[in-house]
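Student: Just passing along the structure, written as structure tokens.
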């Protein structure tokens, strides 16, 4: 059985005791097949002979995808999908690329955790996408995930109210009004920014739509792309006031182009343990995604409950790099994550060094020519 088949089997039937052994197998595979990651590991004194536990695995910054060609040696040019990261790079005039040689693993990961966190009641419903679907934005991992969600959980009508140019908030409001008139539940899928635009339109016009019971909203992206940032609490409040949604059915997603798995708000709708400190929502990882807080100075896992740079070992990333450190800081607890914010530029010295080391080593590798 190939490493891809073993990962897919784990996603379909996760067993906690198998996570670390499989993660170490994935690390060894990626060390052998992904030259940029192998070079990074070598520079940190890490190899299959020295890495004995998951805590020994070097976490590469997600920014590495903007500096280096993360290519699996087994991957052909035509294989899989390539997703492009948002934003610009530091020193390279192109955005980062995440090559996913086995999209079926990404799909399995996305669908399984969507089922657990957004559709635990098993209800299929009308769908409103407020972000372009894959037909309109094939390079977007979010677009692909939204399309899969509509295919798997949709029933009745579906509408995509967004293009590259923006969101048709008038069309979205009209669609929601029609569904409300029929008493048909609807799932809204979009970014926090697109939800903010819809809320602004309804407020400006003094409109309120009472969606049918069981309707829900999945938003992602936080304050990114908003002129006036809308907090997570404000999204829940406005969704209740303007759309009649229950707070527990307004669920924020945390994900990124560089990672094939996502986390979602834990609420009474989908999870037994739902709150962190001061009632703040925790986000729940799927069993194949191992969250950890990294001490930004030592680059080692921080003590339990301590604040650190959020990092994840994502088995679904088996075709690229699974051990990834983000630019966010937070706390992890039993597979749940409290996201506290984005690291200030220059504030996390260890993280910054890791990014620079990865870029420097990749530049030296490219300059030296093929291995």
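Student: Would you say residue 40 is touching a residue at least 24 places away in the same chain (Cβ under 8 Å), under 17 Å from residue 300 (Cα atoms) and within 21 Å of the chain's Cα centre (by Cα)?
Tutor: Taking the combined requirement at face value, the residue does not satisfy it.
Yes/no matrix, rows are residues, columns are (1) modelled with pLDDT of 95 or more; (2) touching a strand residue (DSSP E or B) at 6+ places or on another chain (Cβ under 6 Å):
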| position | (1), (2) |
| --- | --- |
| 206 | yes, no |
| 210 | yes, no |
| 216 | yes, yes |
| 223 | no, no |
| 261 | yes, yes |
| 274 | no, no |
| 287 | yes, no |
| 304 | no, no |
| 321 | yes, yes |
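Student: Is there any pair linking a residue in region 116-135 that is assigned by TED's automatic domain parsing to the domain that holds residue 243 to one that is exposed (fewer than 13 other Cβ atoms within 10 Å of the Cβ) and part of a loop (DSSP other than H, G, I, E, B), with Cβ under 8 Å and at least six apart or on different chains, and which?
Tutor: That search, which allows pairs on different chains as well, returns 132/164.
Student: Can you name the residue in region 227-256 that is part of a loop (DSSP other than H, G, I, E, B) and farther than 17 Å from residue 267 by Cβ and, of all such residues, is modelled with the highest pLDDT?
Tutor: 230
Student: For region 54-73, check the following and say yes or no: at least one residue is under 22 Å from the mean Cα position of the chain (by Cα) and on the phi > 0 side of the Ramachandran plot.
Tutor: No, region 54-73 contains no residue that is under 22 Å from the mean Cα position of the chain (by Cα) and on the phi > 0 side of the Ramachandran plot.
Student: Moving on to the next point. Can you say whether residue 350 is more than 20 Å from residue 40 (Cβ to Cβ) and either at pLDDT below 95 or not assigned by TED's automatic domain parsing to the domain that holds residue 22 (or both), as far as the supplied structure shows?
Tutor: The answer is no for residue 350.
Student: Within region 37-70, can you find the residues that are closer than 18 Å to residue 100 by Cα and surrounded by fewer than 17 Cβ atoms within 10 Å (Cβ to Cβ)?
Tutor: 69
Student: Which strands (runs of 3 or more DSSP E) does region 154-226 wholly contain that include 1 or more residues that are more than 21 Å from the chain's Cα centre (by Cα), farther than 26 Å from residue 86 by Cβ and in contact (Cβ under 8 Å) with a residue 40 or more places away in the chain?
Tutor: In region 154-226, 186-191 are the strands (runs of 3 or more DSSP E) which contain 1 or more residues that are more than 21 Å from the chain's Cα centre (by Cα), farther than 26 Å from residue 86 by Cβ and in contact (Cβ under 8 Å) with a residue 40 or more places away in the chain.
Student: Starting from region 275-291, keep only residues that are more than 22 Å from residue 19 (Cα to Cα), then list their pairs with residues that are modelled with pLDDT of 95 or more whose Cβ atoms are within a distance under 6 Å, requiring at least 6 positions of separation or different chains.
Tutor: Taking only residues 6 or more apart or on different chains, the pairs are 281/265.
Student: Moving to a separate point now. Which of the residues that make up region 293-312 are touching a helix residue (DSSP H, G or I) at 6+ places or on another chain (Cβ under 7 Å) and crowded, with 24+ Cβ neighbours inside 10 Å?
Tutor: 309
Student: Could you please give the count of residues in region 100-122 that are within 16 Å of the chain's Cα centre (by Cα) and assigned to a helix (DSSP H, G or I)?
Tutor: Of the residues in region 100-122, 14 are within 16 Å of the chain's Cα centre (by Cα) and assigned to a helix (DSSP H, G or I).
Student: Go through the residues of region 335-346 one by one and say whether even a single one is modelled with pLDDT of 85 or more, within 28 Å of residue 10 (Cα to Cα), in the same structural domain as residue 38 (by TED's automatic domain parsing) and not in a strand (DSSP E or B).
Tutor: yes
Student: Further question: Does residue 358 qualify as being modelled with pLDDT under 95, surrounded by 14 or more Cβ atoms within 10 Å (Cβ to Cβ) and closer than 21 Å to residue 97 by Cα?
Tutor: yes
The values are calculated or read from the model by the stated rules, or taken from the named source; none is laboratory data. These numbers come from a predicted model, not from an experiment. All Cβ positions, even for glycine, are placed from backbone atoms using ideal geometry, and neighbour counts span all protein chains on display.
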